[in-house]
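Reading through the structure tokens given below for one structure.
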There are 2 protein chains.
Amino acid sequence: MSTTPSSPVTHADRFARAREAQSVALLEDYAELIGDLHAEMGEARVADIAARMGVAQPTATKAVSRLKREGLATSRPYRGVFLTDTGTALADRVRRRHRTVVSFLVAVGVPEDVAELDAEGIEHHVSDQTLSAFDRFLSAGTPED
Amino acid sequence: MSTTPSSPVTHADRFARAREAQSVALLEDYAELIGDLHAEMGEARVADIAARMGVAQPTATKAVSRLKREGLATSRPYRGVFLTDTGTALADRVRRRHRTVVSFLVAVGVPEDVAELDAEGIEHHVSDQTLSAFDRFLSAGTPED
DNA sequence: TTTGAAACATAGCCTTGGCTATGTGGCATG
DNA sequence: CATGCCACATAGCCAAGGCTATGTTTCAAA
């Protein structure tokens, strides 16, 4: 009664969604990073992935396995890691979303370094609809751009 | 140039912080929920906690154990769960932050239901500085309030 | 061509946060 | 006052995402 049981979206639903988002967050980050490494140095080595993510090398290896299992990346032993088309699309989408979130936070008065820090966590929970709102806010706020 | 590698705050640092935030996120949610249940029904039973969080009952029990271990809650077997002063303070802080985030999202054009959904994940990654910016934005945007 | 260091893989362990199945305590009701 | 049901606890399992320690490849340099 107190929880408006007739509501289509329950408290529990929201938590379930947040849990879901969190479970794909790391995959998104790894995919984006691999894309960045390819752009910056022409290839993505496990050692570089580990260094950039701030994790031990076996942790990066395990993450790559998960990416492969999800169809986002490919790799052969002792060679670099490559994104599949799906993985590349994901990386691009994540990168764009990240930039939008950071720009948006800065636009509403968050210091750049703080925006960069917070965006890393926030971005994974920003739905398409919210992202659109951010985009609209940005284009409305910078007509002289 | 896209990732400003010369920055004192590295890519890895940001991920570490996001990981940190995620590890306390659930504790925050459980604490807030227990506070809500006390406010709504005078007590917080494990069964209600589980139902609201959308998890099985043993999962809620385990979460309560963690809360107790962290000094946020107390409980005796087969009795309700109670927040400590620290837990209450945390719950209040989380609740206020949640409301601010939702209000802010709505203020920038996100539909209410979507704001509610996204806030559940976003709020845990909003730093004090970013929260202040949201507050400032809200008071600036509603001078007639 | 050998070899040694760096890069990578693998094994095995931990914690967290889910789950199901099953044991136990508390309390209302017959 | 007995007993059955519901609430809760406990045991044991799983996957994810960390870690260290230790094999295995690769490659460049001697």
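Taking the stretch A:32-46, which residues are away from DNA strand D (no atom under 12 Å from the Cβ) and either of a type in the set (A, V, I, L, M) or in a helix (DSSP H, G or I) (or both)?
Correct list: A:32, A:34, A:35, A:36, A:37, A:38, A:39, A:40, A:41, A:44.
Determine whether the stretch B:61-77 contains at least one residue that is of a type in the set (Lys, Arg), away from DNA strand C (no atom under 16 Å from the Cβ) and surrounded by fewer than 23 Cβ atoms within 10 Å (Cβ to Cβ). Walk me through it before giving the result.
Applying the first criterion (of a type in the set (Lys, Arg)) to the stretch B:61-77 yields B:62, B:66, B:68-69, B:76.
Filter once more, keeping what is away from DNA strand C (no atom under 16 Å from the Cβ): none.
No, because not a single residue in the stretch B:61-77 is of a type in the set (Lys, Arg), away from DNA strand C (no atom under 16 Å from the Cβ) and surrounded by fewer than 23 Cβ atoms within 10 Å (Cβ to Cβ).
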Item to check | Flag if residue A:46 is crowded, with 16+ Cβ neighbours inside 10 Å and either over 23 Å from residue A:119 (Cα atoms) or within 11 Å of DNA strand C (Cβ to nearest atom) (or both) | outcome: yes
Checklist entry - What about residue B:13, is it surrounded by 16 or more Cβ atoms within 10 Å (Cβ to Cβ), away from DNA strand C (no atom under 13 Å from the Cβ) and over 15 Å from the mean Cα position of the chain (by Cα)? => result no
Checklist entry - residue A:56 versus (1) within 15 Å of DNA strand D (Cβ to nearest atom); (2) open to solvent by less than 30 Å² (accessible area, probe 1.4 Å): which is the lone unmet condition? => result (2)
Next on the checklist: Any residue at all in the stretch B:81-98 that's within 30 Å of residue B:138 (Cβ to Cβ), open to solvent by less than 50 Å² (accessible area, probe 1.4 Å), within 11 Å of chain A (Cβ to nearest Cβ) and more than 14 Å from DNA strand C (Cβ to nearest atom)?
Outcome noted: yes
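The values are calculated or read from the model by the stated rules, or taken from the named source; none is laboratory data. Keep in mind it's a predicted model, so treat the numbers as computed, not measured. Because the Cβ atoms are built from the backbone with ideal geometry, glycine has one as well, and the counts that use them run over all protein chains shown. We work out accessible area using only protein heavy atoms, side chains counted, and drop any ligands, DNA or RNA first. Shrake-Rupley method; radii C 1.70, N 1.55, O 1.52, S 1.80 Å.
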